[in-house]
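J.: My questions all concern the structure below.
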Amino acid sequence: MAQTEMDPTPTHVRVIHLADNSGKVQAIFGQDSVLDLTTLSRLTKRRLTPWSRLPIEGDTLLDANKTPTFIDKALLKEESVSFHSKSDLSLKAMSGQQLAEKLEGKLSYIENITYAGEALHYPAADMNEDEKQMQTALGRFQSIRLKQRLEETLEIPPLSNSSTHIIQLSADPNASSEQLCQIVNLDPSLSAQVISWASSPYYGGSDPVESIEDAIIRVLGFDMVMNLSLGLSMGGVFELPKDGPKHYDDFWFSAVSHAALMESLVKSISSDHPKPRLGHAYLAGLLHNFGYLAISVILPPHFSILSRNLEANAHLPSNVVEMQVLHFTKEQLGAWLLKHWNIPADIYGAVRYCKDEGYQGEHKLLANLLYVANRLLDQLPISEHLLDQLGLNEETALQCRQQVLSASKDLRDMVNLIHGKT
């Protein structure tokens, strides 16, 4: 039946298969809602995890007479529904109530299994309120360790001497290449990584790079080496999580891809618009997801729960799911941590607001550019107005993305350098 002007816009229904050793369960809920795995586990008395490795599009509908089926009670209020993923069920002009009746059976249950509408939580509008919000969130957890103050709970590891010195150098307007060379050369591992990075095919060097001086003067430039060195040394503070969401790209490849895209976007900004410092843009891209590592180290049990919820809600932005599970986002924690380490304000500000399209605060230049980079790599639409504000256009932005995607092998080689692989 064709939809008329009087017909309500249908609510997309999402189907997710979950499983444990006892078999599958399917959950059916609205596409704009967040599935609550904790509630589902409590209802089933089972530790359920998403069955699909890539559940972004959702799963097909299983026979509700053979598979335990949980239907979100909120769907019953919908006047018109349609499945987001393929299904054998005919859905002509069906309401949420009719859907529930159609799936009715001894293995069907109607329960509140999502966060939606007024039940959704949101990050503080101002990053100055982040610490208070995180303290409140941590106070919700039952562990004695997690009831401590935020500073005690985080157990923030110190940065290496080289990181500390580079941060101090970045704040010095009269800093010289010679000073940076001295700092990097004192850290043999960091030195080797920077030289290997500058020698990578991505930067197109035909001659071998044999020293940090050579990397700075001939290939990468002062800002790039300084911020790359800082990012690499900071990356060694936290180990990569082993229990992360299955559908996530690996951390460092995503970090390097964002950094490369930020670099390309800055170079493409029209000359009549302000440009952020190239090194700061690169470092913001490299560290955009740093809070992800922090959550995995600081809150390991909750990171495991968060990972499964991110898998089940792969259709939603990660910050939406993080707010429902943790009551704060990785961007909030990452920015707080970078601020604690005295990283320049425009960098941690960009990390904090990189998911906020409408952000117009003091860090908007770098934050909006990082937002664009996120959207480009996720292949999501970007408003023409925002691109125009930044001095970019859609064609140029897509060319920048294609440049990065075309260099994925070279970027992968750069990631291997971080791990000491050849």
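J.: What net charge do the residues around ARG46 carry, taking every other residue with its C-beta under 12 Å from that of ARG46, with Lys and Arg at +1 and Asp and Glu at -1?
T.: Net local charge, ARG46 excluded: +3.
J.: What does the charge count near ASN65 come to, summing +1 for each Lys or Arg and -1 for each Asp or Glu among other residues with Cβ under 10 Å from its Cβ?
T.: My count for the surroundings of ASN65 gives 0.
J.: Projecting each Cα onto the charge dipole of the chain (Lys/Arg +1, Asp/Glu -1 at the beta carbon, about the Cα centre), which of THR69, SER408, SER270 comes out farthest on the positive side?
T.: THR69
J.: Quick one: Karplus J couplings for the range 357-371, per residue in order, coefficients 6.51, -1.76, 1.60, θ = phi - 60°, nearest Hz, x for Gly and Pro?
T.: 4, x, 5, 10, x, 5, 9, 5, 4, 6, 5, 5, 5, 5, 4
J.: Not counting the cut sites, what is the longest span of the chain without GluC sites (Glu not before Pro) that DSSP labels loop and that have at most 16 other Cβ atoms within 10 Å?
T.: That would be 240-356.
J.: If you add up the charges near MET127, with Lys and Arg at +1 and Asp and Glu at -1, over every other residue whose beta carbon is less than 12 angstrom from its beta carbon, what do you get?
T.: Net charge around MET127: -4.
J.: Can you list the residues, at least 5 places off or on another chain, whose amide H is less than 5 Å from the amide H of THR114, using H built in the peptide plane?
T.: For THR114, whose amide H was placed from the backbone, the distant partners under 5 Å are ASP36.
J.: Hey, got the dipole for the chain? About the Cα centre, +1 on K and R Cβ, -1 on D and E Cβ, debye to the nearest 20? Before the final figure, lay out the partial values.
T.: Working: 36 positive and 51 negative charges, 308 e Å.
Magnitude of the dipole: close to 1480 debye.
J.: While we're looking at this one, here's another question. What's the magnitude of the charge dipole for the range 270-422 around its Cα centre, counting Lys and Arg as +1 and Asp and Glu as -1 at the beta-carbon? Answer in Debye, nearest 20.
T.: For the range 270-422, the charge dipole is close to 560 debye.
J.: Here's something else I'd like to know. List the residues whose amide H sits under 5 Å from the amide H of SER82, counting only those 5 or more places along or on another chain, with H placed 1.01 Å from N in the peptide plane.
T.: It is THR11, HIS12, VAL13, by chain and number.
J.: Can you give the calculated 222 nm mean residue ellipticity of the chain, where each DSSP H run of n ≥ 4 adds -39,500 (n - 2.57) and the sum is split over every residue, rounded to the nearest 500 deg cm²/dmol? Can you show the working numbers first?
T.: Values: 19 runs with 197 residues, N = 422.
It comes out at -14000 deg cm²/dmol, rounded to the nearest 500.
J.: How far, in degrees from 0 to 90, does helix 408-418 lean away from the longest principal axis of the Cα atoms of the chain, to the nearest 10?
T.: 70
J.: Amide H of SER108 versus every other amide H placed in the peptide plane: which residues, excluding those fewer than 5 positions away on the same chain, fall under 5 Å?
T.: THR69
J.: Taking every DSSP beta bridge with both residues inside the chain, roughly what % is antiparallel (nearest 5)?
T.: Details: 12 of 22 bridges.
Bridges in the chain are about 55 percent antiparallel.
J.: Here's another thing I want to ask about it. In whole Å, largest first, what are the principal axis extents of the Cα atoms in the range 195-342?
T.: 48, 37, 29
J.: Follow-up question, since we're still on this one. Here are labelled values, (i) 23.4; (ii) 22.6; (iii) 21.9, and one is the computed Kirkwood radius over Cα pairs in Å for what I pasted. Which one?
T.: (i)
The numbers here are math on the coordinates, done by the rules we state, and not lab data. As the structure is a computational prediction, the values presented were derived from the model and not from experiment. With ideal geometry, Cβ positions are generated from the backbone for all residues, glycine too; neighbour counts draw on all protein chains shown.
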